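Working notes for the structure below.
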Amino acid sequence: MTDEVTPEVAPDVAPDVAPRVETFAAGIVGVKLGTVARQIAPDEPPPLPPNDQLSVIGQPVPRVDGRAKVTGAMRFTVDVAMPGMLHARILRSPLPHARVRRVDSSAAARLPWVRAVIVVARPDDPAHAVLRYVGAPVAAVAAVSPGAAEEALRLIHVDYAPQPFIADMDAARAPGAPSVHDAISLPAGHPSGWPAPQDLPVAGNVRGPAISGRGDIATGFAQAEVIVEGEYRTEVQTHCCLEPHAIVADWRADGLTVHMSTQFTAGVRAELAEAFNLPLSRVRVVVGGMGGGFGSKSSLGTYGYLAVALSRAAGLPVRLVLDREEEQTDAGNRPATWQTVRIGARRDGTLTALSVVSYGTAGVAVGAGIGNFAEQTYVCPNFRAMQHDVFINAGPGCAMRGPGNTPGAFALEQAIDDLAERLALDPIALRDRIDASPVRREERRIGAARIGWGQRHAPGADPGPVKRGIGMAQSLWMANVHLNAACAVRIVRDGSVTVMSGIQDIGTGTRTVLAQTVAEVFGLRAEDIVVRIGDTDFPAGPPSYGSRATASITPPARTAAWHVLRQLCSEAARMLNVGADDLIAREGRLIVRDDPARGLALAEVAARLRTEGIGAVAARSDDYGGFRRRMGDAALAQQDLGGVQFAAVAVDTETGIVRVERVVAVQDCGRPINPLLLESQVQGGVLMGLSYALFENRILDQATGRMVNPNLEQYKLAGAADSPEIDVVILENYQGQSATDAYGIAEPANIATAPAIANAVYNAIGVRPRSLPMTPAAILHLLGKSPAGSRVS
Amino acid sequence: MNRFALAHARTIADAAARATTTVADAMTAARSNATRPASLIKAGGIDVLDLMKENLLAPDMLVSLRDVAGLDTITEAPDGGLRIGAMVTLGALAAHDMVRRRYPALAAALAGAASPQIRHVATLGGNLLQRPRCWYFRAAAFHCLRKGGGHCFAISGESQYHAIFDNRPCAIVHPSSAASVLVALDAAIELVDADDTIRRLPLASFFVAPGRDTERENDLRPREILTAILLPPPAAGLCTAYLRQGERSAFDWPLAEVAVALVRNEESLCVHAVIVLGAAAPVPYRAQAAEAALLGRRVDDNAARAAARAAMEGATPLPRNGYKLPLFEALVHRAIMAAVAETL
Ligand SMILES: Cc1cc2nc3c(=O)[nH]c(=O)nc-3n(C[C@H](O)[C@H](O)[C@H](O)COP(=O)(O)OP(=O)(O)OC[C@H]3O[C@@H](n4cnc5c(N)ncnc54)[C@H](O)[C@@H]3O)c2cc1C
Ligand code: SF4
């Protein structure tokens, strides 16, 4: 602990101090709250009591940057302007598959307002000579204005040799289909996709199967008294961040500064250091306000690399912002899936076998699996998943809010409902039997009561063309933690407190949550805390993906704050002539526990500091009680996250319109730090899930491989008028696993929505919507009302 | 988007003299005279700027009608009808008291179109003259028939939002929601050229089907300004309805829309029936078989259903838009019932 310095390492623990045992609250508030004893390191703060005993954590504190956002004061990456800044544009492939024979950029380079040109698709470079989707980068230009850059692109002459291509997953799987990849271009498994194993067999455009399993699937089906089987399809969904991908790169002799809309400042810094062969310390990544990422802004990306390379070439800052078409075609997507689910069960509902065979495609890459939803959610001794990635000539996928599990749940949760019907069991009763999670059991109970499950009637019972139905579905997601996550806290002589970390707030409320965590320690209000984040000059922060930001950053924030408080207390103890341990922080003062009238304002103590301020840095320690699994910087907490959602829908059987009237979302996340933000996250998850269920679809013209709806007009997102009433219930579920015991919520809240809606539609009309999106065309087709021979997208 | 000059015309003749071309001509290489600078009319600008942003259109000048006096007013005509200036916004028209009272179907059509932001600037004239939304047409990469190319990409391609009637050789649907109702209400339009010559014609005959010309949707001529839309007074006993169905509840294009205008005599028999389908064909589509099914009959649920079935006679759906048949059938039935319910 040093003055004014924010080193990147956690303070060393004095080796002579032994770990201590503390008692933590454990269990679900309102159901069963007990305690658990945990051995913790000596430099960990004391257990944080349940929220009802706290004053800032657990309170619905409004977003600290909410006002700045709604008044337009918030600065986003696109708002960054620098003297001499150039504007970059990317020339993109007009063809779905082509070999580049020649690129002539000399005319563009000769324009006086063009300062740098980079050719990506170089004919002499086997790794880059072939373009595999419409929108693949060919070259990039930096010029004095966006219009000038656009004009320069038109002067780059490219000689394309078109190759056969394939833009449909089913056709791509057929023998003899044109090959998307060659041996060099075959991408590795995407680390954030599922499955990601190495060395999978490749046959034509299909890679896999990646096989996971337990028990013996054949025996399991032999033991079954009832077997249900179904095929399910989901379509490609794009991220549609309100704020596009944007970067301003400033290459200078003494180092590189990059302003970027990113979900992971520290990760982008590492990528840049490696790509440009720079010491980490000479690379700085900064992000201010952010308008979402949903997984698509997790890494540097080709566009990011190009902006930096252009800045280096031009010797000036370069700004590159993707337009909506680029967002839709080359900024990642959630892959489509085709899944066959087969479940065997005994008459009492006990599962004997569960098998899923999946094929999925994003485009040229990858990670198009179904996650671990089927594998982990229900008790079943015999399980097998065979997952395949299919390549087509379209833009690559990347992680998107609950990757794998979201399409996985769409299929499995309908199959479970199918099984319930076959067994003449209520869907909730069946899940009570086969789901071992006590958390989801409680969530089902709460949700059922709130949606009015008891009033649920048989399909088609309503008179008239509009049929109503109620359905439910469950969520499962890993409680992820990032260990390379640190936070600095500092108090200065006027008593003001700052918290600093490289972590970014992508719109989830990280600033607010950090302010609350630190304020709780000092007995201050959230608005008293200055939050400085989104800059790699601060201690490295975790990524804001995998629902791990709050779980990773709030414990070190509290720990660092607690270290600062302890030092302040020693100072105050001398002034008050009491023991440091007798002091507690409350309402901006350090007071004597047994004599609250005695005390000093924080500022009074801080004024006596020998130097301008004191600070402490803490890193994320291991979960108390250990992790289930650890992979490098990432770790999995012992327990999974649950979540159960219920949907009430109205289906017009004459027009095919599905209206979601109400959603009840019951969600756990360990300790809720801010119910207001959590509610907003869950609402966002529900809306994204509803949009996935009813509207979204990347539509590729099969004759040209081009997306016909690369905008937000024909690529349909749910709007305000489509939003149901959303009833959010947040469970308080303590485990005593870290200094804050908080875990994620963003992804779990997205997983159950589409299957809950699908199950509700089934309950309304008695026909199962096995494909997404459930457009009027799809519903009318399902009801057998469209003329023979009609196809749905 | 290209650089262009923006001019504000003061009079109709001034605007007409400066509007050297129509959007349709400007977008068809063969027709546009590349050597001569092209200037186009801008009303609300929603459509014309969209086309420019997509690099489908690069005029040298836009001539704004904003400052031309008298184009944005709604006045009662001597015969009791309504004269609606071409520059009246969709929002203003939908909120207009007389429109809501006398032509509720028109108000309903406008109130449901696009989004509040768009309705606030989009004009009725621009709405009738906007170009189609076919996604191939709207992407510069597809040089299709309607842009002077040799091929329709939609008929064999992604046709889910396309026409089910008269869809050869081009399968667009007419984009204007106002048009369907206005045709049902037997509206006329007034066009004025640079010499102040006035041309009046029924709106229905202004539209151009692909069979006649695939490169334009209407008969607007260069140097011609649409000045007004003229509504006849509502016939005694006229009852109307407009229904639309989009995928989303707002900010979306209709998958199907139906405008109905009926008159029944004292014996409750239908003596006048106009049923117009929007989002069904390249021009607003008169469902004449449905109209015939109603004429001379009592308009009850059975008759409405029979008419709805008849409305789909002759449909030639494409592989991906067969769903529009049951959808239209439902809407026609409901619109007929809504129209007669209104006057019960
Ligand atoms: C997301 C979205 C959803 C939409 N949904 C609907 C919908 O549901 N229903 C619907 O009907 N529309 C819908 N629209 C279209 C919108 O209503 C039209 O684009 C708008 O009405 C055009 O009017 P404007 O005044 O902006 O026309 P402009 O863009 O200014 O002009 C359109 C064309 O007409 C010409 N022009 C305009 N006025 C005159 C005149 N007086 N004389 C001669 N030429 C003229 C211009 O040169 C131009 O070519 C939607 C649009 C969007 C973006
Ligand atoms: S429907 Fe008409 S506008 Fe669309 S692609 Fe075919 S020819 Fe072009």
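The values are calculated or read from the model by the stated rules, or taken from the named source; none is laboratory data. Just so you know, these numbers come straight off a predicted model, no measurement behind them. Every residue, glycine among them, receives a Cβ derived from its backbone with ideal geometry; neighbour counts consider all protein chains shown. Protein only, heavy atoms only, side chains kept; ligands, DNA and RNA dropped before computing areas. Shrake-Rupley method; radii C 1.70, N 1.55, O 1.52, S 1.80 Å.
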I want to confirm something. Restricting to segment B:91-146 and keeping residues that are within 14 Å of chain A (Cβ to nearest Cβ) and among the hydroxyl-bearing types (Ser, Thr, Tyr), which single residue is farthest from ligand 1 (Cβ to nearest atom)?
B:136
Failed condition for residue A:227, given (1) more than 24 Å from residue A:326 (Cβ to Cβ); (2) not in a strand (DSSP E or B):
(2)
Among what's in segment A:1-47 and is among the polar types (S, T, N, Q) and modelled with pLDDT of 95 or more, pick the residue that is least open to solvent (accessible area, probe 1.4 Å).
A:23
Selected residue (only one of A:717, A:678, A:700, A:636 is under 19 Å from the mean Cα position of the chain (by Cα) and within 14 Å of chain B (Cβ to nearest Cβ))
A:717
Qualifying positions in segment B:253-272 - touching a strand residue (DSSP E or B) at 6+ places or on another chain (Cβ under 9 Å) and open to solvent by 10 Å² or more (accessible area, probe 1.4 Å):
B:253, B:254, B:263, B:264, B:265, B:267, B:268, B:269, B:271, B:272
Please go through segment A:155-171 and pick out each residue that is touching a helix residue (DSSP H, G or I) at 6+ places or on another chain (Cβ under 7 Å) and closer than 30 Å to residue A:110 by Cβ.
A:155, A:156
Single condition residue A:298 does not satisfy, out of (1) part of a helix (DSSP H, G or I); (2) under 22 Å from residue A:482 (Cβ atoms); (3) open to solvent by 10 Å² or more (accessible area, probe 1.4 Å)
(1)
Can you find even one residue in segment B:320-334 that is more than 14 Å from chain A (Cβ to nearest Cβ), crowded, with 19+ Cβ neighbours inside 10 Å and touching a residue at least 24 places away in the same chain (Cβ under 8 Å)?
no
Which ones in segment B:247-286 are touching a Gly at 6+ places or on another chain (Cβ under 8 Å), within 16 Å of ligand 1 (Cβ to nearest atom) and free of Cβ contacts under 8 Å to residues at least 40 places away in the same chain?
B:248, B:249, B:252
Is it the case that some residue within segment A:413-428 is within 30 Å of residue B:330 (Cα to Cα), within 27 Å of the chain's Cα centre (by Cα) and of a type outside the set (Val, Ile, Thr)?
yes
Going by what's in this entry, would residue B:128 be described as in contact (Cβ under 8 Å) with a residue 24 or more places away in the chain, within 27 Å of residue B:316 (Cβ to Cβ) and either in a helix (DSSP H, G or I) or more than 16 Å from ligand 2 (Cβ to nearest atom) (or both)?
yes
Is it true that some residue in segment A:524-543 is hydroxyl-bearing (Ser, Thr, Tyr) and either modelled with pLDDT under 95 or out of contact with any strand residue (DSSP E or B) (no Cβ under 8 Å at 6 or more places or on another chain) (or both)?
no
Before we move on, is residue B:164 among the hydrophobic types (A, V, I, L, M, F, W, C) and within 16 Å of ligand 1 (Cβ to nearest atom)?
no
Return only the number of the condition from (1) within 12 Å of ligand 2 (Cβ to nearest atom); (2) open to solvent by 10 Å² or more (accessible area, probe 1.4 Å); (3) in contact (Cβ under 8 Å) with a residue 12 or more places away in the chain that residue B:118 does not satisfy.
(1)
Take segment B:149-170 and flag every residue that is more than 9 Å from ligand 2 (Cβ to nearest atom) and open to solvent by 40 Å² or more (accessible area, probe 1.4 Å).
B:150, B:156, B:161, B:166, B:168
Pair list, Cβ under 8 Å, 6 or more apart: segment A:122-135 residue without any contact (Cβ under 8 Å) to a residue 60 or more places away in the chain, other residue open to solvent by 20 Å² or more (accessible area, probe 1.4 Å) and among the acidic types (Asp, Glu):
A:130/A:182
Does segment A:209-230 contain any residue that is at pLDDT below 95, closer than 30 Å to residue A:167 by Cβ and hydrophobic (A, V, I, L, M, F, W, C)?
yes
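Results for (1) crowded, with 24+ Cβ neighbours inside 10 Å; (2) at pLDDT 95 or above, shown as yes or no for each residue.
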site: A:610; (1), (2): no, no
site: A:619; (1), (2): no, yes
site: A:631; (1), (2): no, no
site: A:648; (1), (2): yes, yes
site: A:659; (1), (2): no, yes
site: A:684; (1), (2): no, yes
site: A:708; (1), (2): yes, yes
site: A:722; (1), (2): no, yes
Which of (1) farther than 27 Å from residue A:373 by Cβ; (2) within 14 Å of chain B (Cβ to nearest Cβ) is the odd one out, the single condition residue A:661 does not satisfy?
(1)
Condition check for residue B:290: assigned to a helix (DSSP H, G or I), open to solvent by less than 10 Å² (accessible area, probe 1.4 Å) and more than 22 Å from residue A:790 (Cα to Cα):
yes
Taking the stated definitions as given, is residue B:316 among the polar types (S, T, N, Q), away from ligand 1 (no atom under 16 Å from the Cβ), open to solvent by 50 Å² or more (accessible area, probe 1.4 Å) and in contact (Cβ under 8 Å) with a residue 60 or more places away in the chain?
yes
Which one is nearest to ligand 1 (Cβ to nearest atom) among residues in segment B:147-161 that are at the interface with chain A (Cβ under 10 Å from one of its Cβ atoms) and over 22 Å from residue B:252 (Cβ atoms)?
B:153
Note on segment A:351-369: residues touching a helix residue (DSSP H, G or I) at 6+ places or on another chain (Cβ under 7 Å) and under 30 Å from residue A:434 (Cα atoms) are A:351, A:352, A:353, A:354, A:355, A:356, A:359
Go through segment A:770-781 residue by residue and tally those that are open to solvent by 60 Å² or more (accessible area, probe 1.4 Å) and more than 8 Å from every other protein chain (Cβ to nearest Cβ).
1
Determine whether residue A:667 is open to solvent by less than 10 Å² (accessible area, probe 1.4 Å), farther than 29 Å from residue A:498 by Cβ and away from chain B (no Cβ under 14 Å).
yes
